[in-house]
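**Q** The structure under discussion is supplied below as structure tokens; questions concerning it will follow.
The values are calculated or read from the model by the stated rules, or taken from the named source; none is laboratory data. None of these values were measured; they are calculated from a predicted model. A quick note on method: Cβ atoms are made from the backbone with ideal geometry, for glycine too, and the neighbour counts reach across all protein chains shown.
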Amino acid sequence: PPRVVIIGAGIVGVNVADELIKRGWNNITVVEQGPLDMPGGSTSHAPGLVFQTTPSKTMSLFAKYTIEKLLSIVEDGQSCFNQVGGLEIATTPERLEELKRKRGFASSWGIDARVITPDECVKLYPHLNKQLLYGGLHIPTDGLALAARSVQILIERTRKSGTRYLGNTAVTGIKQTGGRVTGVETANGVIEADIVIACAGLWSVEVGAMVGLSIPLQPMAHQYAKTTPVPASAGRNPLPNGANLPILRHQDQDLYYREHGDQYGIGFYGHRPMPVVAASLGPTASKVTEKNMPSRLEFTPKDFEPAWKLSQEILPVLKESEIADGFNGIMSFTPDGGPLVGQAPNLDNFYVAEGVWVTHSGGVARALAQLLVNGKSEIDLTDCELSRFEDIQLTPSYVNETCSQQFVEVYDIIHPLQPKENPRNVRVSPFHARHKELGAFFLETGGWERPHWYESNAKLLDEMPAKFKPAERDPWAAKFYSPIVAAEAWRTRTAAAMFDTTAFRRLEIAGPGAVDLLDRLTTGNVSRKPGVATYSLLLDQEGGIRSEMTISRVLDDLFLLGVNGPTDFTFFSREARKQNKLGDGKFVHVRDITGGTCGIGLWGPNAHKILSTVSADDFSDAALPHLHLKLAHIGGLPAKVIRMSYVGQPGWEIVTSAENGLKLWDSLWKAGQAHGVIAGGRSALASMRLEAGFPSFGSDLTPEHDPYESGLEFLLHPGKEGYLGHAALKGRSTGAVSKRLRRLVINDGRSVVLGKEPVFHKGTAVGYVTSSGVGYANGKPLAYTYLPISLGEGTVVEIEYFGRRISATVVPEPVHPMKTDEGRV
Ligand code: FAD
């Protein structure tokens with residue numbers, strides 16, 4: 001096995017060592033700057049509450065495994081998890097609804113949870129003030145991690161298996177040769193390594209800087225206080241840290257609670273954000289105590305005043321106590337709240353596992369170990385990928401601002417479409433001024449401002465035929481939505497629309513080795529002549545879908561790719577570096593051209609008339625068939641015109657360089673006026689895409705599923721062999737899958753779900769909604785879900801939405817828009 005160095009002996013680093021040992025790796029050194037018995041990081045003072053249920057499947061499954069693991073770490077007859085259960089309370093009607101939604105997530109991810117009445121809350125938790133309660137969510141398997149104890153036991157256990165631990169040893173530099181990590185530097189010399197894993201917690205930014213890697217993580221102080229003994233709790237629990245009552249979350253006031261014997265522990269997120277720079281903490285002392293450790297800053301009592309008042313209201317028994325001791329503990333936040341897991345984009349074999357809560361530590365460690373040993377984690381890591389951020393999201397000011405917002409919102413009710421407030425207007429397309437003139441409603445993704453619909457299209461609502469008129473939505477589904485979306489879909493289907501596709505990521509892959517690179521990595525036939533486009537999959541070595549993409553051959557050795565995100569760029573770049581090192585003349589270069597270019601999707605039955613008005617080039621079916629590319633002139637501008645559509649209407653994606661963008665938009669817009677063109681937003685595009693039968697990567701398509709399960713087996717080029725993932729697919733077939741992506745139509749014709757809701761069949765949870773929308777042409781809400789293969793077309797299932805069951809039927813999948821030609825909706 002390779003030589004591994006792990007930086008940091010917090011709960012993450014030690015679990016990574018343990019999970020690697022379990023998988024047979026045995027040459028591991030853990031380097032820790034603090035003393036090993038109490039290193040002084042966040043783990044050393046973590047109160048250890050583990051609430052499992054979140055909107056994220058990945059995070060919830062990480063938490064489930066962490067519990068399983070902590071329960072299995074037993075010493076002196078005691079495990080490292082006190083399974084007291086979890087109680088989340090609602091003190092507003094909105095929160096009660098949110099808890100119902102959360103119960104749905106629990107079902108989706110296989111966690112037992114129940115929404116309970118105020119009476120049931122008080123029965124479970126007698127100290128609660130019933131007057132304030134609307135209800136609660138009880139999760140019997142939640143509880144308390146004995147985090148620091150588990151670390152000490154794991155250190156002993158892994159030591160016995162040969163892991164070396166170096167305490168009081170700071171890593172001061174990282175050694176590398178030829179783009180590959182070779183070891184770490186310490187005051188006592190270099191430790192050589194084939195793989196280095198940074199598990200440095202709140203010091204991540206500093207460790208990243210050692211290799212020029214921007215780690216988007218912001219350490220923040222978070223207040224935690226203990227009360228004096230509470231008379232009502234006297235004698236209930238073993239001292240000092242025993243607990244019997246469930247861990248408690250009072251999210252309407254940013255508070256959480258646990259018992260420490262007869263004292264209460266109170267955590268508070270309601271204070272001002274207090275960002276911390278780890279480097280300012282100075283070196284960790286050789287002796288760390290509970291009261292004196294680098295991750296523990298002095299308590300600022302003023303910030304805690306509201307918490308104490310609110311705590312006495314919700315738990316009146318606290319009036320008999322006082323604050324005994326408090327501190328401002330440091331923990332890590334990231335711009336989107338997810339952890340950072342994976343290989344550094346700029347340095348091979350340098351991995352990180354950071355921004356991880358105790359709650360997810362076991363799960364993250366197992367995932368990373370599986371990634372290293374088997375090449376893939378069984379739990380989808382897409383949302384945790386270190387490389388998921390755009391460059392603009394790595395700047396210290398962006399990280400600081402977004403992490404501060406994450407801190408403020410940590411317990412808020414967040415709608416799935418809710419955008420961040422700041423920073424905004426970071427990346428705008430060349431058409432931005434036109435979007436604003438047309439009254440665009442913008443949402444933000446990856447720093448891009450993207451129009452979701454245009455107020456200027458409101459006038460179409462009166463012209464639109466009744467068939468397209470959308471049913472009224474419930475208040476939650478109506479958030480970040482407008483009925484104008486239906487009008488935009490109607491116009492796209494009956495005339496034409498221009499969609500801004502600038503934020504779709506575009507890569508250029510160039511050089512004599514371009515065909516080789518794409519051929520060995522993707523499932524399609526990329527060696528066809530210039531001018532041909534291929535819709536193709538990128539698989540992992542297990543045959544799971546790593547990404548999907550369009551690959552247009554522009555010239556013999558130049559390809560234009562439409563991919564999904566920064567992670568695809570990182571992946572192709574790494575593979576290109578590998579190929580270039582072979583020095584066999586198959587040089588290849590990968591460039592992200594998204595920001596320097598822009599795109600317009602011109603789609604709809606009148607699209608051809610519009611394009612012909614502004615170009616002398618021939619765009620007829622014969623001259624430019626489906627999935628073909630042409631270098632053309634539009635409105636006097638050079639452009640790449642690709643015959644493809646995501647919306648089930650014929651047309652083109654037109655790509656030009658950014659500085660030409662505004663003129664391109666204006667030319668098409670002017671020409672389009674005679675043909676009823678409108679600007680179409682993301683919301684219409686997303687719905688039409690779903691309606692056309694085009695599953696999306698990241699929701700419908702993930703590494704957890706192979707092409708057969710996802711209904712994309714037609715993208716495996718017949719006869720093609722040897723590409724990444726091909727070997728794993730041997731023996732699999734459409735007929736042999738146990739589950740399949742299914743399309744559902746909501747039977748009442750009006751209830752819109754938003755994604756991740758559980759799907760039940762005869763009372764049993766059988767899946768969850770992967771994406772949803774409204775098929776405006778048919779007037780019916782739609783959803784995708786993976787279902788057991790036995791639940792085929794015609795099966796009636798139920799989707800749980802805020803505690804209500806909505807009936808839906810499995811319907812046949814339309815022919816995929818990329819399979820033949822468009823225009824069938
Ligand atoms: P750490 O425990 O900080 O470990 C990182 C280690 O790396 C440190 O020991 C450090 O010394 C070492 N290190 C760093 N740089 C170097 C270097 N250059 N060389 C050598 N060693 C280095 N999470 C929950 O899930 N539930 C909770 O209830 C909860 N409550 C919390 C309450 C408070 C007040 C705080 C502050 C945090 C809380 N957390 C909670 C968060 C949780 O404590 C952390 O997310 C978790 O402990 C992080 O573990 P870690 O191993 O990544 O980091």
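**Q** Test each condition in (1) within 6 Å of the ligand (Cβ to nearest atom); (2) surrounded by fewer than 24 Cβ atoms within 10 Å (Cβ to Cβ); (3) of a type outside the set (D, E) for G8 and report the one that comes out false.
**A** Of the numbered conditions (1) within 6 Å of the ligand (Cβ to nearest atom); (2) surrounded by fewer than 24 Cβ atoms within 10 Å (Cβ to Cβ); (3) of a type outside the set (D, E), the odd one out for G8 is (2).
**Q** Here is a list of conditions, (1) near the ligand (Cβ under 9 Å from one of its atoms); (2) surrounded by fewer than 24 Cβ atoms within 10 Å (Cβ to Cβ); (3) hydroxyl-bearing (S, T, Y), and T66 meets all of them except one; can you say which number that is?
**A** All conditions are met except number (2).
**Q** Pairs under 6 Å by beta carbon, first residue among the hydroxyl-bearing types (S, T, Y) in segment 681-709, partner assigned to a loop (DSSP other than H, G, I, E, B), six or more apart or different chains?
**A** If the second residue must be assigned to a loop (DSSP other than H, G, I, E, B), the pairs left are T702/D380; Y708/R732; Y708/V737.
**Q** Filter segment 341-396 down to the residues that are touching a helix residue (DSSP H, G or I) at 6+ places or on another chain (Cβ under 7 Å) and hydroxyl-bearing (S, T, Y), then identify the one that is nearest to L202 (Cα to Cα).
**A** The extreme case among them is S361.
**Q** So E709 clears everything in (1) at pLDDT below 95; (2) outside any loop (DSSP other than H, G, I, E, B); (3) not aromatic (F, W, Y) except one condition, right? Which one?
**A** Exception for E709: condition (1).
**Q** Is there any pair with a first residue in segment 270-290 that is on the phi > 0 side of the Ramachandran plot and a second that is within 13 Å of the ligand (Cβ to nearest atom) whose Cβ atoms are under 9 Å apart and which are 6 or more apart or on different chains, and what are they?
**A** G282/P294
**Q** Just need a number here: residues in segment 762-793 that are within 12 Å of I746 (Cα to Cα) and part of a loop (DSSP other than H, G, I, E, B).
**A** Matching residues across segment 762-793 total 2.
**Q** Which residues, taken from segment 153-186, are aliphatic (A, V, I, L, M), farther than 30 Å from L394 by Cβ and in contact with a strand residue (DSSP E or B) (Cβ under 8 Å, 6 or more places away or on another chain)? Step through it out loud before you land on a result.
**A** From segment 153-186, those aliphatic (A, V, I, L, M) are 153-155, 166, 170-171, 174, 181, 184; that's our starting set.
Restricting the remaining residues to those that are farther than 30 Å from L394 by Cβ gives 153-155, 166.
Listed by number, the residues that qualify are I153, I155, L166.
**Q** Scan D112, D119 and give me the residue that is away from the ligand (no atom under 16 Å from the Cβ) and under 30 Å from V12 (Cβ atoms). First the steps, then the outcome.
**A** Working: D119 fails: under 30 Å from V12 (Cβ atoms).
Within the list D112, D119, the selection yields D112.
**Q** Let me ask something else. Could you list, in sequence order, the residues of segment 82-96 that are charged (D, E, K, R) and surrounded by fewer than 18 Cβ atoms within 10 Å (Cβ to Cβ)? Spell out how you get there, then give the answer.
**A** We begin by selecting, within segment 82-96, every residue charged (D, E, K, R); these are 88, 94-95.
Scanning segment 82-96 gives a single hit, E94.
**Q** Hey, any hits in segment 713-732 for a residue that's among the hydrophobic types (A, V, I, L, M, F, W, C), touching a residue at least 40 places away in the same chain (Cβ under 8 Å) and within 28 Å of A607 (Cβ to Cβ)?
**A** There is at least one residue in segment 713-732 that is among the hydrophobic types (A, V, I, L, M, F, W, C), touching a residue at least 40 places away in the same chain (Cβ under 8 Å) and within 28 Å of A607 (Cβ to Cβ).
**Q** Does T54 fit the bill of being polar (S, T, N, Q) and crowded, with 23+ Cβ neighbours inside 10 Å? It would help to see each step written out before you state the result.
**A** Values: polar (S, T, N, Q): yes; crowded, with 23+ Cβ neighbours inside 10 Å: no.
So T54 fails the test.
**Q** Now, a different point. Just checking, how many residues over segment 458-492 are in a helix (DSSP H, G or I) and under 32 Å from the mean Cα position of the chain (by Cα)?
**A** We begin by selecting, within segment 458-492, every residue in a helix (DSSP H, G or I); these are 458-463, 466-468, 484-492.
So of that shortlist, the ones also under 32 Å from the mean Cα position of the chain (by Cα) come out as 484-490, 492.
Of the residues in segment 458-492, 8 are in a helix (DSSP H, G or I) and under 32 Å from the mean Cα position of the chain (by Cα).
**Q** Return the residue satisfying two criteria in turn: it lies in segment 266-292 and is surrounded by fewer than 20 Cβ atoms within 10 Å (Cβ to Cβ) and small (G, A, S), and of such residues it is nearest to G208 (Cα to Cα).
**A** Result: A279.
Per-residue answers, yes or no, for (1) in contact with a strand residue (DSSP E or B) (Cβ under 6 Å, 6 or more places away or on another chain); (2) away from the ligand (no atom under 13 Å from the Cβ); (3) β-branched (V, I, T):
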site	(1), (2), (3)
K22	no, yes, no
W25	no, yes, no
V30	yes, no, yes
L36	yes, no, no
G48	yes, no, no
Q52	no, no, no
M59	no, no, no
F62	no, no, no
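**Q** Go through segment 128-152 and report how many residues are touching a Phe, Trp or Tyr at 6+ places or on another chain (Cβ under 9 Å), more than 13 Å from the ligand (Cβ to nearest atom) and in contact (Cβ under 8 Å) with a residue 60 or more places away in the chain. Quick ask: steps written out before the conclusion?
**A** So in segment 128-152, the residues touching a Phe, Trp or Tyr at 6+ places or on another chain (Cβ under 9 Å) come out as 136, 139, 142-146, 150.
If we keep only those that are more than 13 Å from the ligand (Cβ to nearest atom) too, we end up with 136, 139.
Remaining after also requiring in contact (Cβ under 8 Å) with a residue 60 or more places away in the chain: 139.
Within segment 128-152, residues that are touching a Phe, Trp or Tyr at 6+ places or on another chain (Cβ under 9 Å), more than 13 Å from the ligand (Cβ to nearest atom) and in contact (Cβ under 8 Å) with a residue 60 or more places away in the chain number 1.
**Q** Of the conditions (1) surrounded by fewer than 22 Cβ atoms within 10 Å (Cβ to Cβ); (2) near the ligand (Cβ under 9 Å from one of its atoms); (3) not charged (D, E, K, R), A187 satisfies every one except a single condition; which number is it?
**A** Every condition holds for A187 apart from (2).
**Q** Check D37, D18 and return the single one that is in contact (Cβ under 8 Å) with a residue 24 or more places away in the chain, surrounded by 24 or more Cβ atoms within 10 Å (Cβ to Cβ), of a type in the set (D, E) and closer than 14 Å to Q152 by Cβ.
**A** Numbers: D37 fails: surrounded by 24 or more Cβ atoms within 10 Å (Cβ to Cβ).
After applying the criteria, what remains is D18.
**Q** Hey, among the residues in segment 227-257 that are within 30 Å of Q33 (Cβ to Cβ) and surrounded by fewer than 20 Cβ atoms within 10 Å (Cβ to Cβ), which one's farthest from the ligand (Cβ to nearest atom)? Outline the logic, then answer.
**A** The first filter runs over segment 227-257 and keeps only residues within 30 Å of Q33 (Cβ to Cβ), leaving 240-241, 256.
Those still in the list that are surrounded by fewer than 20 Cβ atoms within 10 Å (Cβ to Cβ) too: 240-241.
On the way: P240: 17, N241: 13 Å.
Residue satisfying both the conditions and the ranking: P240.
**Q** Specify which of the listed residues (G40, G10, G34) is at pLDDT below 95, in contact with a Gly (Cβ under 7 Å, 6 or more places away or on another chain) and under 27 Å from E290 (Cα atoms).
**A** Details: G10 fails: at pLDDT below 95; G34 fails: at pLDDT below 95.
Sole residue among the options that is at pLDDT below 95, in contact with a Gly (Cβ under 7 Å, 6 or more places away or on another chain) and under 27 Å from E290 (Cα atoms): G40.
**Q** Continuing with this model, one more query. Which residues, counting only those in segment 205-219, are within 11 Å of the ligand (Cβ to nearest atom) and surrounded by fewer than 22 Cβ atoms within 10 Å (Cβ to Cβ)?
**A** Start the filter on segment 205-219 by keeping residues that are within 11 Å of the ligand (Cβ to nearest atom), which leaves 205-210, 217, 219.
The answer is E206, A209, M210.
**Q** When segment 302-334 is examined, which residues are found to be away from the ligand (no atom under 16 Å from the Cβ) and either within 30 Å of N15 (Cβ to Cβ) or among the charged types (D, E, K, R) (or both)?
**A** K302, E305, K309, E313, K319, E320, E322
**Q** Filtering segment 794-825 down to residues that are assigned to a loop (DSSP other than H, G, I, E, B) and polar (S, T, N, Q), which residue is modelled with the lowest pLDDT? Working first, answer last.
**A** Of segment 794-825, the ones assigned to a loop (DSSP other than H, G, I, E, B) are 794-795, 802-803, 812-825.
Within this subset, residues satisfying the condition of being polar (S, T, N, Q) are 795, 820.
Details: T795: 98, T820: 66.
Applying the filter and picking the extreme gives T820.
**Q** Still on this model: Scan segment 329-341 and give yes if some residue there is over 21 Å from the mean Cα position of the chain (by Cα), surrounded by fewer than 17 Cβ atoms within 10 Å (Cβ to Cβ), in contact (Cβ under 8 Å) with a residue 12 or more places away in the chain and in a strand (DSSP E or B), otherwise no. I'd like the intermediate steps shown before the answer.
**A** Filtering segment 329-341 for residues over 21 Å from the mean Cα position of the chain (by Cα) gives 329-330.
Still in the list and also surrounded by fewer than 17 Cβ atoms within 10 Å (Cβ to Cβ): none.
No, segment 329-341 has no match at all.
**Q** Considering each residue of segment 347-380, count those that are part of a strand (DSSP E or B) and either more than 12 Å from the ligand (Cβ to nearest atom) or acidic (D, E) (or both), and give that number.
**A** 4
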